[in-house]
1. Could you check, for the range 189-197, whether at least one of its residues is among the β-branched types (Val, Ile, Thr), modelled with pLDDT of 95 or more and either in a loop (DSSP other than H, G, I, E, B) or surrounded by 14 or more Cβ atoms within 10 Å (Cβ to Cβ) (or both)?
2. Restrict the check to the range 33-47 and report whether at least one residue is away from the ligand (no atom under 16 Å from the Cβ), farther than 19 Å from residue 284 by Cβ and of a type in the set (Lys, Arg).
3. Of the numbered conditions (1) away from the ligand (no atom under 13 Å from the Cβ); (2) on the phi < 0 side of the Ramachandran plot, residue 78 satisfies every one except a single condition; which is it?
4. Only residues that are within 15 Å of the ligand (Cβ to nearest atom), surrounded by fewer than 22 Cβ atoms within 10 Å (Cβ to Cβ) and not in a helix (DSSP H, G or I): list them for the range 264-292, please.
5. Kindly provide the set of residues from the range 48-63 that are buried (at least 23 other Cβ atoms within 10 Å of the Cβ), among the small types (Gly, Ala, Ser) and in a loop (DSSP other than H, G, I, E, B), ordered by number.
6. Does the range 189-199 include one or more residues that are away from the ligand (no atom under 16 Å from the Cβ), closer than 19 Å to residue 136 by Cα and of a type outside the set (S, T, N, Q)?
7. Residue 52 versus (1) at pLDDT 95 or above; (2) more than 17 Å from residue 150 (Cβ to Cβ): which is the lone unmet condition?
8. Please specify each residue of the range 241-263 satisfying the condition of being at negative phi and more than 15 Å from the ligand (Cβ to nearest atom).
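The values are calculated or read from the model by the stated rules, or taken from the named source; none is laboratory data. What you see is a predicted model; the values in this text were computed from it and never measured. A quick note on method: Cβ atoms are made from the backbone with ideal geometry, for glycine too, and the neighbour counts reach across all protein chains shown.
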Amino acid sequence: MFYRLLIRFVSSINTNFVHKFAYLYTYSLCRLCRFIPISLSLPLNPVDVIGLHFPNPVGLAAGFDRNGKLLCCSEPSGFGFIEIGTVNVDAQIEADDKILNVVKNLEKAAGKYQNKNRQQQWGVNLGSLENTVSDRTIADYVQGMQLFWSHADYFVINLSRPDSPARVLNPDMEKLYELLQNIKQQHGRLTEKKGKSIPVVIKTAVDYINNEHINNVLLLAKDCGIDGAILAFEAWPDIHAVCERVRLFAEQIESFPFIVVGGIRSAKDANRVLNAGASLVQIYTGLVQDGPLQTRKMIDSLGGLTGERDVAP
Ligand SMILES: Cc1cc2nc3c(=O)[nH]c(=O)nc-3n(C[C@H](O)[C@H](O)[C@H](O)COP(=O)(O)O)c2cc1C
């Protein structure tokens, strides 16, 4: 209630500051939690998917903690996983201070857990500023994986930008195949070299009207050995429409895990999307609008609801 009043006040003064305010508020609260005597460990409602063990199925979507600064104190937020980025790497030039800063934040956060068992999973959402599918684009993603290999739990190949080759109505499937196949090959080489495997998923937006072609994009990703997909539902009228589409995706593309983001505002919403076939869900706007305490409550209460999960048809 207090947070909602605050955020309403902030948006009445400057709408551009709303996200920054939500970030600062969440960050400060998480840091303050270090000084309170009660333990705020992660809500447990575990899910095993893409080769990882997630303590609960609710994650923080990319864009909120772009630089990974929240990671070192993010457990009280309750999120089972945090996705940092998008980090846009340009392989043609040396990593600049901005990117090195993200690497440092991840290293620092990982250092805090050195002798402790960290349950929260950390994803790194990687991007390329190249609009076309080219050797340069592939090199950007591979460079990104190399930079973050030591501490990332999973990688996201972000294809959700409006100009992404996966998003256009009639994507060039050959080019897309070339992109994903090449990324997977280089990922295989890195796995061998580093002696540790890190799952890779793609993130693609699912528009309300033109979304049929996404089936082919997902099938292609699956064929290329990608571990799953983050489906970002944008401008959908309500959560029921999202669930219907998720159910169709799950029916048509078997054994390919989905992480669904977009329009999830409550534990009921999250539960519906999970029932429809998503393995995990992510939240962004809900955290900005309702604040970290309400979001934590929502993640806590999801554990109670999942016992009542209806069987997906
Ligand atoms: C201000 C803002 C910045 C975002 N930045 C990114 C980003 O850098 N990378 C990305 O993959 N998604 C980004 N997103 C998209 C979110 O991760 C998410 O897919 C989208 O907001 C839908 O979820 P929601 O309805 O819970 O907000 C951003 C969203 C917002 C509102």
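1. We begin by selecting, within the range 189-197, every residue among the β-branched types (Val, Ile, Thr); these are 191.
Adding the requirement that they be modelled with pLDDT of 95 or more leaves 191.
From what's left, either in a loop (DSSP other than H, G, I, E, B) or surrounded by 14 or more Cβ atoms within 10 Å (Cβ to Cβ) (or both): 191.
Yes, the range 189-197 contains at least one residue that is among the β-branched types (Val, Ile, Thr), modelled with pLDDT of 95 or more and either in a loop (DSSP other than H, G, I, E, B) or surrounded by 14 or more Cβ atoms within 10 Å (Cβ to Cβ) (or both).
2. yes
3. In the conditions (1) away from the ligand (no atom under 13 Å from the Cβ); (2) on the phi < 0 side of the Ramachandran plot, residue 78 misses (2) alone.
4. Selection gives 265, 266, 284.
5. If the condition is that a residue be buried (at least 23 other Cβ atoms within 10 Å of the Cβ), among the small types (Gly, Ala, Ser) and in a loop (DSSP other than H, G, I, E, B), then 61, 62 are the ones that fit.
6. Step one: filter the range 189-199 for residues away from the ligand (no atom under 16 Å from the Cβ), giving 189-199.
Remaining after also requiring closer than 19 Å to residue 136 by Cα: 189-190.
Now restrict to residues that are of a type outside the set (S, T, N, Q): 189-190.
Yes, the conditions are met somewhere in the range 189-199.
7. Exception for residue 52: condition (2).
8. So in the range 241-263, the residues at negative phi come out as 241-254, 256-261.
Residues satisfying the conditions are 244, 247, 248, 249, 250, 251, 252, 253, 254, 256, 257.
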